[in-house]
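Structure, as structure tokens:
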Amino acid sequence: MSKGSAGPVPGRNVAFMLWDTAARSGDRVAMVERDWSIGYRELCGRAGAIAREVVARGVEPGDRVVVLLERGADAAAAYFGILAAGGVVVMLNETLRPRQIEYVLEHSGAKLLLTSQALLSRQHRPLETGAAVVLAEEIAREAAFEPLERGGSELAQLTYTSGSTGLPKGVMASHANVWAAIETVAGYLGIRPDDRIASLLPFSSVYGANQLLCAVLRGAVLVLERSPVPNQIVSGLREAGVTVLAGVPPLWMQLLNAPAFQEAPIASLRILQNAGGHLAPAAVRRLRELQPQADLYLQYGMTEVFRTTYLPPEETDRRPDSMGKPMPGVEVLVLREDLTPCEPGEVGELVHCGPTVTLGYWNDPERTARTYRPHPFDPSAGTVVFSGDMVRRDEEGFLYFVGRRDRMIKTLGYRVGPDEVLDVLYASGEISEGVITTEPDPQRGEAIVAYVVLKEGGALDRLQKFCRAEMPRYMQPTRIEV
């Protein structure tokens, strides 16, 4: 029995999440992929072997270890094993190429790169790095290891995320940040030990890792799905009896256009989640039509705060365009440029407060100072994150995404959010995909241009007519390209 067996304690080493579940759940299945599975006891033993190996390689508490492995048992074990050893884990997307991998290795000052020969062989050239390279297949399958104690404020992970400009930035999350985010999300979703949670998103993103961590926290099964073909994804979900499915808007749009998703509900599904971007109300309504048996959670977050708001499923049909209200234990502010609070209906910047606010950007004090600032009304409340997202709040406190501060379109004297325009295009029923951009215009300032993919049977003339009827002139695209 691990020292953390009394139950999860926010602020302790996140590795105890796996060790405690393994002590509690033993040989229950932890991860499954078609005809392959691994139990919690075995997964914990694999994490222990990785922990022993990185310690033997000289990793000390606080050292960074980069993980480049395919999404699966070894990647999950590496995440927990590195934390168990006291290291800071840096998960990378397995599709990255040498240039991006080398940047993260150098920028993070990583001591080790944990990878596989298969992934190294896919690269078009050898990696150039001063970090030691350790192959997962050369590490013992299982070993006993007791996770090191780590304080809640100590660094647990770096998540590299691309910004609107410049090179990727490493977001620093503490052990307490991870505990707070996962316990809260698993709580409001109602994740249970009998759930089968689909994993379609990379562990290198906080949203993709969320499915792994929620499963481990509750002792549920993580179902790996790798197919890039929507119909095959749906078949895999049905066969596996998946109960929880998380997606991002591009994935939902692919599934909504897949015949296998349209033909009948996936009977086992009880929870659908969207995050990682704004999902158009027309797509929300279509999801509800096709999977009426499942509760749909519309969620909002960013890497710097994990997750902040969600829309309860009972509100989805009434307000499909809302990002909801703050999740338990979290505060959000909607502020004007002078840092005064916005009135209901007024557009302002969303500011995040609470235990999921991360520690800042690795080795980037200037960018950290711009985004992470003292609470504007209560300095004792700690640091807050200025998101750059423009939102409005209605009289009942529900939030609505308008657009990114750096992507707001200034046209004919108005400020327009690209997603506002795109929502109308989707609502026309004429398109399957679309993107909004702009071009300089001497009369308008910026002219709105839409690039769209018409649905089968969709028509450009009907789309243009719909736009004229449903949007004021300043919001209408001056040109729609098919």
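The values are calculated or read from the model by the stated rules, or taken from the named source; none is laboratory data. Nothing here was measured: the structure is a model prediction, and the numbers come from that model. When we count neighbours, we look across all protein chains shown, and the Cβ atoms used for this are built from the backbone with ideal geometry, even at glycine. Surface accessibility is based on the protein's heavy atoms, side chains included, excluding ligands, DNA and RNA. Shrake-Rupley method; radii C 1.70, N 1.55, O 1.52, S 1.80 Å.
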Practice prompt. Return the pairs, sorted by first residue and then second, in which the second residue is exposed (fewer than 14 other Cβ atoms within 10 Å of the Cβ) and aromatic (Phe, Trp, Tyr), the first residue lies in the stretch 337-350 and is closer than 15 Å to Gly403 by Cβ and touching a residue at least 24 places away in the same chain (Cβ under 8 Å), the beta carbons are less than 6 Å apart, and the residues are 6+ apart or on different chains.
Written response: none
Worksheet entry | Criterion: modelled with pLDDT of 95 or more, within 29 Å of Pro326 (Cβ to Cβ) and out of contact with any Asp or Glu (no Cβ under 6 Å at 6 or more places or on another chain) - qualifying residue of Leu222, Leu200, Leu237 | Leu222
Worksheet item: Can we say Glu106 is open to solvent by 50 Å² or more (accessible area, probe 1.4 Å), without any contact (Cβ under 8 Å) to a residue 12 or more places away in the chain and not aliphatic (A, V, I, L, M)?
Response: no
Practice prompt. Look at the stretch 287-311 and say how many of its residues are surrounded by 13 or more Cβ atoms within 10 Å (Cβ to Cβ) and either part of a loop (DSSP other than H, G, I, E, B) or acidic (Asp, Glu) (or both).
Written response: 11
Item to complete: Give the residues of the stretch 362-416 that are open to solvent by 60 Å² or more (accessible area, probe 1.4 Å) and among the acidic types (Asp, Glu), sorted by residue number.
Response: Glu366, Asp378, Glu395, Glu396, Asp406
Item to complete: Assess whether Gly163 counts as being within 24 Å of the chain's Cα centre (by Cα), modelled with pLDDT under 95 and closer than 16 Å to Leu83 by Cα.
Response: no
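Condition check ((1) hydroxyl-bearing (Ser, Thr, Tyr); (2) surrounded by fewer than 24 Cβ atoms within 10 Å (Cβ to Cβ); (3) assigned to a loop (DSSP other than H, G, I, E, B); (4) out of contact with any strand residue (DSSP E or B) (no Cβ under 8 Å at 6 or more places or on another chain)) across all residues:
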site: Val66; (1), (2), (3), (4): no, no, no, no
site: Asp74; (1), (2), (3), (4): no, yes, no, yes
site: Gly86; (1), (2), (3), (4): no, yes, yes, yes
site: Arg99; (1), (2), (3), (4): no, yes, no, yes
site: Leu114; (1), (2), (3), (4): no, no, no, no
site: Pro126; (1), (2), (3), (4): no, yes, yes, yes
site: Thr129; (1), (2), (3), (4): yes, yes, yes, no
Worksheet item: From the residues in the stretch 438-469 that are open to solvent by 60 Å² or more (accessible area, probe 1.4 Å) and under 32 Å from the mean Cα position of the chain (by Cα), which one is farthest from Leu412 (Cα to Cα)?
Response: Glu456
Practice prompt. State whether the residues of the stretch 475-482 include one that is free of Cβ contacts under 8 Å to residues at least 60 places away in the same chain, buried (at least 18 other Cβ atoms within 10 Å of the Cβ) and within 24 Å of Leu256 (Cα to Cα).
Written response: yes
Worksheet entry | Condition met for Gly429 (outside any strand (DSSP E or B) and of a type in the set (Gly, Ala, Ser)) | yes
